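Heads up: the structure comes next, in structure tokens.
The values are calculated or read from the model by the stated rules, or taken from the named source; none is laboratory data. On a predicted model such as this, the values are computed, not experimentally measured, just so you know. Glycine gets a Cβ as well: all are built from the backbone with ideal geometry, and neighbour counts include every protein chain shown. With ligands, DNA and RNA removed, areas are computed over all heavy atoms of the protein, side chains included. Shrake-Rupley method; radii C 1.70, N 1.55, O 1.52, S 1.80 Å.
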Amino acid sequence: MNGRRRFLRDFLALLCSGGAIGGFLKLLPGSAHAKETVRTGKWYGYGVSVDKCIGCGRCMEACKAENNVPKEPFFFRTWVERYIIRKNGETAVRTIDPGAEPVPEAALDKSILRSFFVPKLCNQCADPPCVQVCPVGATWRTEDGVVLVNEKTCIGCRYCIQACPYGARYLSPATHTADKCTFCYHRISVGQLPACVEVCPTQARIFGDLNAAASPLSRFLRMNKIHVLKPGLNTEPKVYYANLDGEVR
Amino acid sequence: MVKFPEKMPDSLARLLVVFVVLTAVLAIAWVMIPTPMKSVHVQWDNAILREKAKPMRYAGAHACEECHGEIYGKKKAGYHRDLSCETCHGPAKTHTEDPDKTKPAIPATRSFCVQCHAYNPSRPRGFPQINPQGHNPLKPCAGCHNPHDPKPPTTPKECSACHGEIARTKAVSHHVQLECTTCHQAPQQHKITPRGVKPTKPQNREFCGKCHAKDTRETREKLAKSAPKIDMAEHGEKYVCWQCHYPHSPEVEN
Amino acid sequence: MNQDLMRHLAEILPQIQGFIYPNEVEIHWGMLIVVYPYITGVVAGAFILASLVKVFNVKEVQPLYRLSLLTALAYLLVAPMALVSHLGHPGRFYEILLTPQTSSAMAMFGFVYAWYLMAVLLLEIWFVHRTDMIAWAEEKTGVMRFVYRALALFSRDTSARGVEFDHKALKTITIIGIPSAFLLHGYVGFIFGSIKANPWWSSVLIPIVFLFSAIVSGIALVILFYMVITPLAGGKINMKCVDKAVDFLFYAVIVDFSLEVVEFIHRVYQSEEEIKILSEMLMSKLFMSLIVIQVMLGMILPLAIISVTKIFRHRFSLNEDLRKMLYFISVLLIQFGIFATRWNVVIGGQMFSKSFRGLTTYKMEFGGLEGLLFALALLMLPVVILAILLKVLPPWKEMLAEGKDGDGRAVGGELPAPGA
């Protein structure tokens, strides 16, 4: 092998290996700053104004009625958590039970430092870990940014339930497939609001298209300091919280 | 038997045949499987159609206006203006399709209204809340308040009618003996249009100092005399008093 | 069925401690998913033991070679059963082959499994037994004769060149097989380790910990089988072989134990937000299964026993029967320990809430697909399969060979010439 040929070979090898490394690096996320790719068309999101929630539970009931979610208290597409943070640092949390008769609260419980309600639902993540792990592609993110479950091909392995950091999924006892909030896809696709937003008496829940110039959601995002749940997991949630307390996970 | 090339060992040749047969069977099977079973994209499109075809139970905020225009208009002008009809009356899609077939619920019990309006320390301040045990027990809410235009039936005399939480808080605080009007001047109009005309609030340190300054001259009142005293020049002079002490339940070191 | 589920969940409700998300009451991955990594672990471990003979030329453990290959096969055949039967729709398992999503660790199962079964295990077993099967076909009559013919793919080549090729092929397959076995079980660890939502699972060390615990369980189980089957088959336990295998087991347990300790220290030292709920779980729900069974009984005690035998075997030439008994106890304890390891990973990972504020509980059912009975049946099934495999592909000649001359005879090489 003469010098020129050897050079050519080495050069080609370098190109190939460089290409291989480059291709591998493409797997890494590009920029630390760009959050989501700019989109055209609808890109649905959701706002929760923690300060407005009165914990009445209408949303939980409406969701179960609208979406045929089993009545038993083990299956929820949305729920409301009540936080009581006491002066001694203890934090007590529970899921409210909308059917229960309200227990009269002591007029003034001096041990309470602060207390509030937090509505929860599927965060419809832009980078959903549940979709990543589904072995059969039975859950996926639609073009308009809603994570859906295909109940005809879901095999019921429950890997997505394990992968969801927010506990938003359950196994439907009726279909034996994974189930979750769809933003009421059948409603929003005909211009209606999700049932929970529809019935919320205080506008603590706001739904809309994140690409719309003027909408209750875009105004909500403009006027408030916004937080999402578990941002460290890089799931890019599209359920945005205003005035979220640090104790909420 | 097929003649294999001289060099290939007999065992390898046989395994190759098995491999080729297996691959062929799999390949044929793959071709024969219909596309909807192999393509997630086809499956997704179908699933979206199924999802969109699911029936609605809630008719939406505007569905009721067509037939119930009067009540709808009334609600729009009152404090319940942002509530959907279905928040209280429940899902009504079937009623909109055939009004005679199903009738939406008309919740009339106290237990329904208090799901939103019972006092609960987790509820945001300012949200109208009552103590169900103390507030006209056993009387149905709708007897006094029209749910489509809820407001107090008569102009309230006491501040506590609306500011129950503050009243309850003050009742167990060091300021229990102070009248609301000691610190706030509430014009009569405030009781009629509470958000239009607001009561006054103390503006400066000196206001609190009238009772709490150590050199106060306000000693006529017995209460002011017994109030804890501080040196206004030394004690937190950078701040106004209510930045540290909530006036309705002043925090003090005991 | 649903009524049962609701009753089951309602029973759990009062036992919840603290706050959990409302959908977290049900533990979704139960007994079957505990059984699954245990079984694949045995596969990987048994194969590694077999490769000690072929690749690393550890002549002493030659009697275990075929037994460990057959054990690996028996367990590998049962592994997907545990997975498929836990599905909400077992009948839809084919979806995972038709539309596998490349982003899903679980979707790769079919491929990793198929590769390991077809390209490694079946091939190796075929090459090991090829000349034997030709010989057995000659001995037998009727159906069995045809079965052996078919199993040997109607090969009759017992020429020196053919046998030499078998050896070469075996060596190559084993060399490919070791990373494949690592892949198989490392991959099972990755299924858990890659779940960022779950801090109990999410760790880069999990696949490696899984791997070494797999090696431990596989070696221990093959030793256990050898010590039980040999007397049953009328042979004498070859202590030289068992001593050597236990040596390897000992090192594997030490590596496994060290990895787990490293992981533990790392977690406690980093002390991230989940540490409080994890330690609460460790001290309450997992105390018995993790501290007592996995660590004390499953690791420290067997390590101590084996250390004692290692020390005294040379000093006072520990009585062989006593040594046998101590080994037997050790490998049995290790089996329980490794099973507890799987339990602690799978069930433990679901007992704490992802809100890090509370614990749910696992109530094992007795009957049904997710029940204890079915899990026990699945655990026994590989033993039944192994019994059949031992009948069809008897390893006695190699297994019962006297240990003194454990000189690593070539496997097919000294068979009687066919038709002799």
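Values computed for the structure shown
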quantity: Helices (runs of 4 or more DSSP H) wholly inside the stretch B:156-254 containing at least 1 residues that are in contact (Cβ under 8 Å) with a residue 40 or more places away in the chain, out of contact with any strand residue (DSSP E or B) (no Cβ under 6 Å at 6 or more places or on another chain) and charged (D, E, K, R); calculated: B:164-171
quantity: Helices (runs of 4 or more DSSP H) fully within the stretch C:279-380 counting 2 or more residues that are within 24 Å of residue C:230 (Cα to Cα); calculated: C:301-315, C:320-346
quantity: Identity of the residue in the stretch C:269-278, in contact (Cβ under 8 Å) with a residue 12 or more places away in the chain and part of a helix (DSSP H, G or I), that ends up surrounded by the most Cβ atoms within 10 Å (Cβ to Cβ); calculated: C:277
quantity: Residue list for the stretch C:150-190, filter: closer than 20 Å to residue C:394 by Cβ and more than 31 Å from the chain's Cα centre (by Cα); calculated: C:155, C:158
quantity: Residues (farther than 20 Å from residue A:98 by Cβ, over 33 Å from the mean Cα position of the chain (by Cα) and facing chain A (nearest Cβ under 10 Å)) located in the stretch C:8-32; calculated: C:18
quantity: Any chance residue B:79 is within 30 Å of residue A:203 (Cα to Cα) and open to solvent by 40 Å² or more (accessible area, probe 1.4 Å); calculated: yes
quantity: Lone qualifier among B:80, B:95, B:148 - being at pLDDT 90 or above and outside any loop (DSSP other than H, G, I, E, B); calculated: B:95
quantity: Total residues in the stretch C:97-124, condition more than 14 Å from chain A (Cβ to nearest Cβ) and either assigned to a loop (DSSP other than H, G, I, E, B) or open to solvent by 10 Å² or more (accessible area, probe 1.4 Å) (or both); calculated: 7
quantity: Members of the stretch C:27-59 that are out of contact with any strand residue (DSSP E or B) (no Cβ under 7 Å at 6 or more places or on another chain) and either outside any helix (DSSP H, G or I) or surrounded by fewer than 20 Cβ atoms within 10 Å (Cβ to Cβ) (or both); calculated: C:27, C:29, C:30, C:55, C:56, C:57, C:58, C:59
quantity: Criterion violated by residue A:141 - all others in (1) open to solvent by 30 Å² or more (accessible area, probe 1.4 Å); (2) modelled with pLDDT of 95 or more; (3) within 11 Å of chain C (Cβ to nearest Cβ) satisfied; calculated: (3)
quantity: Among the candidates A:160, A:181, residue that is more than 7 Å from every other protein chain (Cβ to nearest Cβ) and assigned to a helix (DSSP H, G or I); calculated: A:160
quantity: Residues (open to solvent by 80 Å² or more (accessible area, probe 1.4 Å) and in a helix (DSSP H, G or I)) located in the stretch B:28-70; calculated: B:28, B:30, B:31, B:32, B:35, B:41, B:45, B:49, B:50, B:52, B:70
quantity: From A:167, A:232, A:246, residue being assigned to a helix (DSSP H, G or I), surrounded by fewer than 23 Cβ atoms within 10 Å (Cβ to Cβ) and of a type in the set (Gly, Ala, Ser); calculated: A:232
quantity: Options A:118, A:197; residue that is touching an Asp or Glu at 6+ places or on another chain (Cβ under 7 Å), at pLDDT 95 or above and either more than 8 Å from every other protein chain (Cβ to nearest Cβ) or part of a loop (DSSP other than H, G, I, E, B) (or both); calculated: A:118
quantity: Flag if residue C:85 is of a type in the set (Ser, Thr, Tyr), in a helix (DSSP H, G or I) and either within 14 Å of chain A (Cβ to nearest Cβ) or open to solvent by 10 Å² or more (accessible area, probe 1.4 Å) (or both); calculated: yes
quantity: Selected residue (criterion: farthest from the chain's Cα centre (by Cα)) from residues of the stretch C:363-378 that are surrounded by 18 or more Cβ atoms within 10 Å (Cβ to Cβ) and either at pLDDT 90 or above or within 28 Å of residue C:151 (Cα to Cα) (or both); calculated: C:374
quantity: Tally of residues being closer than 23 Å to residue C:199 by Cα and either in contact with a Leu (Cβ under 7 Å, 6 or more places away or on another chain) or among the polar types (S, T, N, Q) (or both) across the stretch A:157-211; calculated: 8
quantity: Filter result for residue B:199 (of a type outside the set (Val, Ile, Thr) and within 14 Å of another protein chain (Cβ to nearest Cβ)); calculated: no
